[in-house]
Amino acid sequence: MKFPVSGVVATARLVVTKARRGRLLPTSRIARIVLIGLLALVACGSGANLAIARLNELPAGAVFRADGVIVTDQQLQHRITLMEFVYGLQPPTDPAAKDQFNRDVAKALAVSQITDDAARARGIVIADKAASDQLNTLIQQNSWTDQSTLIKQLGAQGLSEQDVLDEIKRQQASARLFAQVTGSVRASTDADAQAYYNQNKSQMVSPEQRAIANIVVSSQAQAQQITQLAQSGSDFAALAKQYSIDGSTKSNGGSLGVVSSSQLEAGYAKAAFAARDNSVFGPVQTTQGWNVGEVTDVHQPVPLTFAQVKDAIRTKLDNDAKLKVWDAFLTGKIMAAHVVYVPAYQPADPNSPPPASSSSS
């Protein structure tokens, strides 16, 4: 796992990560790395020994075959719609970016299917009640007043409550599978953490952090209009409450809290950390939509003591060790599945193993 200067601090703080709030299934930083949820895989890709097929090897309308099971374009598009609703992901509109997105989603779906099969093979079964309980919790945490409201919103997208419950089960099953596969990994010690700290002491600083508020809308034109209103003196919090489609932040004026650059999507981070203190920036397009941000405070970098970062370093070392085992396990499963894609959906770098870290906007 890449461990940037901000990595130690980010682990110890409850702040907004690149996977911003506002989705139906928010996941922790580690969950995004290890659960093989679709958003994490789409953002960074995964796979090994994934071959491109000749057109006559798969029927018309197919996307890929994994372990002998064919997945169609219709099934893929349905899963993309589910990802949009559940995770707040928005496919890019640029043709080249959209083509890459489709290839990455195809690989994500293939790896998700392989992971599901691996969980079942180990007897991992998620009870309906466990998924329902989590869904009820998520409904309370988001903008739906009750289950019927959620069902109506799902229906408008051609989705069902069962689709969401199945996604919850996939996450929970992946978490259990990861725990089983990595259960024998030795935990790091304080001595291990001290050695890491000594070797990387020059990097042990709290990165520059900024208090940021954000407004998300669906179109560039509306984002530009809001930017002009905010820059002209309109109250940013009021604009967020009126216009933002981010259900988890609009009620508190769009506040993302105090965040570092590494916790934000690259394009958004570049704009946010180039802006002056107490200024408005944007519009910036991310996978969540079009964003208008406001920097309300700037915190300069400060050195960190070993005591401040010890727990975070140990967490990082533990995760690195587990991810190494998980990577080898998953790579073997992907190779054994003999995944074959049609050319239009060949993923980028199909023979590369999963990255050691995962993040997504």
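Some notes on this structure:
- In the set LYS322, LYS316, only one residue is outside any strand (DSSP E or B), open to solvent by 40 Å² or more (accessible area, probe 1.4 Å) and modelled with pLDDT of 95 or more; that residue is LYS322.
- Residue selected from region 203-216 under the condition among the hydrophobic types (A, V, I, L, M, F, W, C) and either closer than 23 Å to LYS310 by Cβ or modelled with pLDDT under 95 (or both), by the criterion least open to solvent (accessible area, probe 1.4 Å): MET204
- Checking each residue in region 298-313 for being outside any helix (DSSP H, G or I) and either closer than 26 Å to TYR196 by Cα or touching a Cys at 6+ places or on another chain (Cβ under 6 Å) (or both) picks out HIS299, GLN300, PRO301, VAL302, PRO303, LEU304, THR305.
- Filtered residues of region 164-199 (kept if assigned to a helix (DSSP H, G or I), open to solvent by less than 30 Å² (accessible area, probe 1.4 Å) and under 28 Å from VAL111 (Cα atoms)): VAL164, LEU165, GLU167, ILE168, GLN171, ALA173, SER174, LEU177, PHE178, VAL181
The rows are residues; the columns are (1) open to solvent by 10 Å² or more (accessible area, probe 1.4 Å); (2) of a type in the set (Phe, Trp, Tyr); (3) touching a Ser or Thr at 6+ places or on another chain (Cβ under 7 Å).
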position	(1), (2), (3)
LYS201	yes, no, no
THR227	no, no, no
THR249	no, no, yes
LEU264	no, no, no
PHE273	yes, yes, yes
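- On the stretch given as region 233-247, residues that are touching a strand residue (DSSP E or B) at 6+ places or on another chain (Cβ under 8 Å), open to solvent by less than 60 Å² (accessible area, probe 1.4 Å), part of a loop (DSSP other than H, G, I, E, B) and of a type outside the set (Asp, Glu) total 1.
- Residue within region 218-228 that is under 20 Å from the mean Cα position of the chain (by Cα) and at pLDDT below 95 present: yes
- As a summary of the residue check, LYS152 satisfies the conditions (1) open to solvent by 50 Å² or more (accessible area, probe 1.4 Å); (2) within 20 Å of the chain's Cα centre (by Cα); (3) under 30 Å from LYS250 (Cα atoms); (4) without any contact (Cβ under 8 Å) to a residue 12 or more places away in the chain except for the one numbered (2).
- Reported count of residues in region 121-149, each being without any contact (Cβ under 8 Å) to a residue 12 or more places away in the chain and either surrounded by 14 or more Cβ atoms within 10 Å (Cβ to Cβ) or under 27 Å from ASP73 (Cα atoms) (or both), is 3.
- Close pairs (7 angstrom Cβ cut-off, 6 or more residues apart or separate chains): within 18 Å of GLN288 (Cβ to Cβ) in region 90-102, open to solvent by 60 Å² or more (accessible area, probe 1.4 Å) anywhere: GLN90/GLU84; PRO91/LYS98; PRO92/LYS98
- Residues in region 286-312 that are at pLDDT 95 or above and under 30 Å from VAL105 (Cα atoms) were compared, and the one that is most open to solvent (accessible area, probe 1.4 Å) is TRP290.
- Within region 200-210, tally of residues that are among the aliphatic types (A, V, I, L, M) and assigned to a loop (DSSP other than H, G, I, E, B): 1
- Of the residues making up region 46-89, those that are modelled with pLDDT under 80, open to solvent by 60 Å² or more (accessible area, probe 1.4 Å) and either closer than 21 Å to ARG170 by Cα or not acidic (Asp, Glu) (or both) are ASN49, ILE52, ARG54, LEU55, ASN56.
- Residue match in region 277-297 (condition: under 21 Å from the mean Cα position of the chain (by Cα) and in a helix (DSSP H, G or I)): no
The values are calculated or read from the model by the stated rules, or taken from the named source; none is laboratory data. Predicted model, so just to flag it, every value in this text is computed and none were measured. So basically every Cβ, Gly included, is an ideal-geometry build from the backbone, and we count neighbours across all protein chains shown. Each accessible area value is taken on the protein alone, full model and side chains, heavy atoms only, with ligands, DNA and RNA left out. Shrake-Rupley method; radii C 1.70, N 1.55, O 1.52, S 1.80 Å.
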